[in-house]
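The values are calculated or read from the model by the stated rules, or taken from the named source; none is laboratory data. None of these values were measured; they are calculated from a predicted model. Here the Cβ is made from the backbone with ideal geometry for all residues, glycine too, and neighbour counts use every protein chain on show. Ligands, DNA and RNA are excluded from the accessible area calculation, which covers all protein heavy atoms including side chains. Shrake-Rupley method; radii C 1.70, N 1.55, O 1.52, S 1.80 Å.
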Amino acid sequence: SQISIKLISLLLLPIAFGCAPTISNTSSGKDEAFSYPDLSKKTYCRGKGYVVSRGNINGRLSFTFTSSKDSTYIEFRDLIGRKTLFLTLSKNTINAWDIRNNRSYDQESLVISFPFFELIKPNDLINFLWGKMPKTFTDSDNILNNKINSGQIQFSSQQTENGILINSVSFNFEEENEAIDLFVESRDFDLQYPHLIREIPESIIQAKEKQ
C-alpha cells in the first residue's frame, strides 16, 4: 500500500536533505576497538527483521530477505501478515512492487516518484542486510557529498557466531519529528529463501512517472 511505500521511503529519507548529522556506532560487546569480520567467502545471506516509523507516520513492517553477491530480494508484510511490498536490488539498481496496489516501480520511476532513491546506493542497503557498515556512513566525503540531514544516525552491532555484525540502524530527526528504526533480528549465511528469488511480474501495472 501507499503507507507501506511511505514507511520504506522514510527509512531512506534522511539521505535526501540538509547537512551532516551525528553518526555513531554502538556495540553490545566490550568497548574496546573492534573490526567487522571478513564475509567475502560467504556466498549467500538470508534473514528476518522489521522497520518501525515514529512521528508523522507511525507503523511497523516486518521483512524477510535473501541475498547473494549479485542480487537481493526483500519482502515486507504488515502486522497481520499481509504482503505489502517487494524489492529487488542489485549493486546499482532497485525495483519495487507495491503488492497491495499492484503497481511496480523501476529505477527511473522510483527516482522520479521518490527522489531519495537517487541519493542512496542500493549496495548500501545490501551491505547493512549482510551486517556490514555501509560505506556511505563511514566515508566523510560521501557524507558531505550526500548532504545528509542534521540529526543523529546510530548503528548498533552485536557479537554473533560470525563475529561482530551491524544489527540495527536508527535515524532520529527532531526538526522533522521523525524516527526510523531498522532491525535485522536474524541472519543465516550460505543459506537462501528460495521462495523470495523471483522477478516482479511483467504484467504488473507500471507506476506513472510524475511530471
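Of ASP70, ASP78, ASP106, which has the most accessible area and how do the rest follow, probe 1.4 Å?
ASP70, ASP106, ASP78
Given the whole protein assembly as supplied and a 1.4 Å probe, what does the accessible area of GLU185 come to in Å², nearest 10?
Its heavy atoms expose roughly 120 Å² to the probe.
Starting from the Cα of VAL52, step 7 Å along the direction of its Cβ; do the same at LYS69; then give the gap between the two resulting points in nm.
Label-label distance for VAL52 and LYS69, simple model: 3.7 nm.
Per 0.36 nm of contour for each residue apart, how much would the distance between LYS83 and GLN192 grow if the chain were fully extended, relative to their Cα-Cα spacing?
37.3 nm
Tally up the carbon and sulfur contribution to the accessible surface of segment 34-87 as a whole percent, 1.4 Å probe, everything protein left in place.
47
Grab the other residues whose beta carbon is less than 11 angstrom from that of LEU89, score K and R as +1, D and E as -1, and report the net.
With Lys, Arg at +1 and Asp, Glu at -1, the neighbours total 0.
Rank these residues by their accessible area, most exposed first, probe 1.4 Å: SER157, SER203.
SER203, SER157
Starting from the Cα-Cα distance between ASP38 and LYS91, subtract it from 0.36 nm times their residue separation and give me the gain in nm to one decimal.
Contour length minus the Cα-Cα distance gives 17.2 nm.
Once you have a ≥ b ≥ c as the square roots of the Cα gyration tensor eigenvalues for segment 45-114, tell me rounded if a/c is under 1.5, and otherwise prolate or oblate according to whether a/b is larger than b/c.
Oblate is the answer for segment 45-114, as a/c is 1.5 or above yet b/c matches or exceeds a/b.
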